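One structure is given below, encoded as structure tokens.
The values are calculated or read from the model by the stated rules, or taken from the named source; none is laboratory data. A quick note: this is a predicted structure, and the numbers were derived from the prediction, not measured. So basically every Cβ, Gly included, is an ideal-geometry build from the backbone, and we count neighbours across all protein chains shown.
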């Protein structure tokens with residue numbers, strides 16, 4: 001019936017397990033193994049299909065109960081010490097009990113790169129590309145191409161992973177370490193918003209850290225010590241580069257800050273509307289005036305000029 | 001693939017056509033390799049993928065997944081065929097997909113079997129399998145968490161998969 005040996009099946013299992021690591025890139029070697037014997041491909045397909053079938057099967061399995069209670073998905077989670085098990089999002093949220101200290105550099109040789117509102121800039125480091133949105137200020141190290149410090153603003157990081165030298169990004173509130181990654185960071189005013197479109201980022205990798213995998217967003221609000229995880233569509237990460245801003249419940253204060261950053265004009269929101277959540281897509285094409293006009297219609301709110309800038313006022 | 005590439009990933013496919021075809025052929029796609037590549041080409045245009053740091057690696061993974069998908073759907077079709085011919089009496093073209101009492105009984109027994117297999121692996125292996133396969137924790141993080149080496153984690157996962165595959169085969173062949 002099957003034309004492969006048990007040994008081939010063991011090899012197929014080993015490949016499958018290696019490939020479950022998101023940063024796996026041994027596809028050439030895998031291809032050579034497949035090509036070595038036509039039965040290898042069949043053993044692999046059978047094994048991989050069985051692995052997929054497990055998804056359904058394992059949903060019913062009851063595991064030994066852990067001592068900790070299972071927090072609700074929307075509870076703020078503390079990125080320290082606590083083991084985070086179970087719950088609806090358990091499959092994608094994990095606490096990394098991190099290894100020792102992440103090397104401290106004795107001396108840095110920093111320089112700043114910054115953009116004005118409405119300006120964009122691409123910075124290329126060794127193995128990493130940074131796309132800075134407007135109103136962004138970032139410090140880079142002449143001696144260390146795997147480091148950046150973000151003072152404020154928004155940037156998309158496309159990092160080629162190197163396990164020996166993880167890319168490390170500091171903000172005023174957190175340290176982020178990539179694990180093979182494309183991610184967007186918005187920082188400033190004491191808040192942090194991290195959205196991961198590929199691979200994984202570890203937040204605060206010191207004594208403990210949280211893994212934020214692709215498809216997840218980690219938001220740390222101003223003055224808070226606990227962050228919140230939610231889902232984000234990978235395709236929505238970094239969309240400002242193509243002139244679209246996606247929101248899934250962000251407060252209007254965030255929308256206003258993004259508009260100011262992207263359009264290059266002051267945009268504020270009055271207190272009554274600042275916390276109002278917004279879901280939708282803001283298109284930036286056509287420039288300031290058409291964008292603000294569309295926003296007014298979208299929000300059903302009063303969006304008007306005020307001096308050199310714009311004000312979003314509550315309905 | 002005559003259309004101009006509408007996404008960055010499509011351009012990467014065009015630039016690496018021969019490599020990807022070779023991969024698909026090694027994967028057993030045979031004459032269908034071109035079709036699978038075309039399928040991949042269309043999928044990446046609409047894929048829910050944001051910016052990708054290592055596009056070729058991403059495409060290999062996607063191609064690999066497509067081949068596994070094809071294998072699964074072919075096998076499921078074969079099984080349906082088999083069920084059909086095994087079914088006693090006249091064909092029932094509008095047979096419901098609702099699980100019959102028999103089927104849910106089988107599912108419960110299967111679940112109990114899986115549970116037993118996992119319990120039989122020992123605590124460490126079962127924990128590693130659960131952390132990885134259910135909680136989605138990466139292997140190197142599990143190694144750190146449990147204070148064991150990465151190769152121990154890999155070996156335990158291989159053992160768990162081996163046991164589950166064997167169990168699966170044992171029920172398939174009943």
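The set of residues in the range B:9-28 being within 19 Å of residue B:57 (Cβ to Cβ) and outside any helix (DSSP H, G or I) consists of B:16, B:27.
Looking only at the range A:247-261, filter to residues that are in a strand (DSSP E or B) and surrounded by 17 or more Cβ atoms within 10 Å (Cβ to Cβ); which one of those is modelled with the highest pLDDT? Looking at the filtered set, the residue picked out is A:251. Scan the range B:134-168 for residues that are in a helix (DSSP H, G or I) and within 18 Å of residue A:210 (Cα to Cα) and the total you get is 9.
Just one residue in the set A:286, A:300, A:264 is surrounded by fewer than 20 Cβ atoms within 10 Å (Cβ to Cβ), in contact (Cβ under 8 Å) with a residue 24 or more places away in the chain and out of contact with any strand residue (DSSP E or B) (no Cβ under 9 Å at 6 or more places or on another chain); that residue is A:264. Taking every residue in the range A:139-161 that is away from chain B (no Cβ under 14 Å) and surrounded by fewer than 16 Cβ atoms within 10 Å (Cβ to Cβ) and pairing it with any residue that is assigned to a loop (DSSP other than H, G, I, E, B) and modelled with pLDDT of 85 or more, at least 6 positions away or on another chain, the pairs with Cβ-Cβ distances below 9 Å are A:145/A:167; A:151/A:136. Within the range A:92-124, the set of residues being within 14 Å of chain B (Cβ to nearest Cβ) and at pLDDT below 65 comprises A:92, A:93, A:94, A:95, A:96, A:97, A:98, A:99, A:100, A:101, A:102. Among the residues of the range A:1-29, those identified as in a helix (DSSP H, G or I), more than 8 Å from chain B (Cβ to nearest Cβ) and buried (at least 16 other Cβ atoms within 10 Å of the Cβ) are A:8, A:11, A:12, A:15. Read through the list (1) surrounded by fewer than 23 Cβ atoms within 10 Å (Cβ to Cβ); (2) touching a strand residue (DSSP E or B) at 6+ places or on another chain (Cβ under 6 Å); (3) not in a loop (DSSP other than H, G, I, E, B), then give the number of the only condition that residue A:166 fails. It is condition (3) that residue A:166 fails.
More than 14 Å from chain B (Cβ to nearest Cβ) and under 19 Å from residue A:289 (Cα atoms): does that describe residue A:227?
Values: more than 14 Å from chain B (Cβ to nearest Cβ): yes; under 19 Å from residue A:289 (Cα atoms): no.
Criteria not met by residue A:227.
Yes or no: residue A:212 touching a strand residue (DSSP E or B) at 6+ places or on another chain (Cβ under 7 Å), under 30 Å from residue B:138 (Cα atoms) and within 14 Å of another protein chain (Cβ to nearest Cβ)? Yes; evaluated as a whole, the condition is true for this residue.
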